[in-house]
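Remarks on the structure that follows.
The values are calculated or read from the model by the stated rules, or taken from the named source; none is laboratory data. Keep in mind the model is a prediction, meaning the values are calculated, not measured. We place every Cβ from the backbone using ideal geometry, glycine too, and count neighbours over all the protein chains shown.
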């Protein structure tokens, strides 16, 4: 390696550690948890920009759940730090609850028998053609 690049190698891999970090499987799990947890903000930002209104897609909650579980496993099995463990021990509860609410809401939409438009849950009439929507459980529900 040329001498001019030696400083870069000593910065990135000092003492044989990548960026000065001693790596193992649990460190990789912890960093993956951080990466997944961070990516949820990118997903939410993209969805909001695309629709031009604040949107929290189901992917945000899945990434939150996955990232929190990875960080919890890292804290519990590798760090064994009670503060870190407690920080992620219960975060999964609202994530799971929001996924349940999202699923129920998605299944509550109704397809208009007259024109085929999918209408949101509180609607009693089709917003496109005005046809009365069926309210019988399982009838007209969107796939």
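In this structure, is residue 125 over 25 Å from residue 34 (Cα atoms), loosely packed, with under 14 Cβ neighbours inside 10 Å, more than 18 Å from the chain's Cα centre (by Cα) and without any contact (Cβ under 8 Å) to a residue 24 or more places away in the chain? Give the steps one after another, and end with the answer.
Numbers: over 25 Å from residue 34 (Cα atoms): yes; loosely packed, with under 14 Cβ neighbours inside 10 Å: yes; more than 18 Å from the chain's Cα centre (by Cα): yes; without any contact (Cβ under 8 Å) to a residue 24 or more places away in the chain: yes.
It is true that residue 125 is over 25 Å from residue 34 (Cα atoms), loosely packed, with under 14 Cβ neighbours inside 10 Å, more than 18 Å from the chain's Cα centre (by Cα) and without any contact (Cβ under 8 Å) to a residue 24 or more places away in the chain.
Kindly establish whether residue 132 is assigned by TED's automatic domain parsing to the domain that holds residue 28 and modelled with pLDDT under 95.
Values: assigned by TED's automatic domain parsing to the domain that holds residue 28: no; modelled with pLDDT under 95: yes.
Criteria not met by residue 132.
When 141, 123, 113 are checked against the criterion of being in contact with a helix residue (DSSP H, G or I) (Cβ under 7 Å, 6 or more places away or on another chain), at pLDDT below 90 and not assigned by TED's automatic domain parsing to the domain that holds residue 18, 141 stands alone in meeting it. Scanning the range 80-100 for residues that are closer than 14 Å to residue 34 by Cβ and surrounded by fewer than 16 Cβ atoms within 10 Å (Cβ to Cβ) gives a single hit, 87.
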